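Encoded as structure tokens, the structure appears first; notes follow it.
Where a number appears in this text, it was derived from the coordinates with a stated rule and is not lab data. This structure is a prediction, so every number in the text was calculated from the model and none was measured. Here Cβ is always computed from backbone atoms with ideal geometry, including for glycine, and neighbour counts include all displayed protein chains.
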Amino acid sequence: MKRLKQITIALLLGLASIAATQAATMVTVYKSPTCGCCEKYVDYLRDNGFVVEANNETDMSAIKKRYGMASVASCHTALVNGYVVEGHVPVAAIRKLLKEKPAIVGISAPGMPQNSPGMGEMKKGTLTIYAVPKDGKQPYVFSVE
């Protein structure tokens, strides 16, 4: 009987662990309805375990202003766990952001860099990601490595 109880507890702990690791992070992406690279980025997020709600917007500059990303704008804006992720930011940077929880608005890969997810072949160490402070100061490099 004692052995059966131990096995049952072990199985329950194992199932709880599996459920915790499978809980996906929700991301809301605002994008232009005609942007192909935005669709590729949404697919990239999904392929990397995120649950994505994609919203087509016709006035993306208003979205960027609303979420404090106008100075580091790219083609799409995402919201994840209280942070803003602007542009083609690699999941490694998003995961670091969510793990460390810095006191910032969010992170950005400004413009449309060719070496970023959704824009072509990613080349490790060639993409600069910026942190956007809450106090309106200049963005600074958000080190991913």
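Among residues of the range 50-91 being polar (S, T, N, Q) and within 24 Å of residue 143 (Cβ to Cβ), the one that is surrounded by the fewest Cβ atoms within 10 Å (Cβ to Cβ) is 81.
Here residue 101 does not fit the description of being loosely packed, with under 15 Cβ neighbours inside 10 Å and within 16 Å of residue 139 (Cβ to Cβ).
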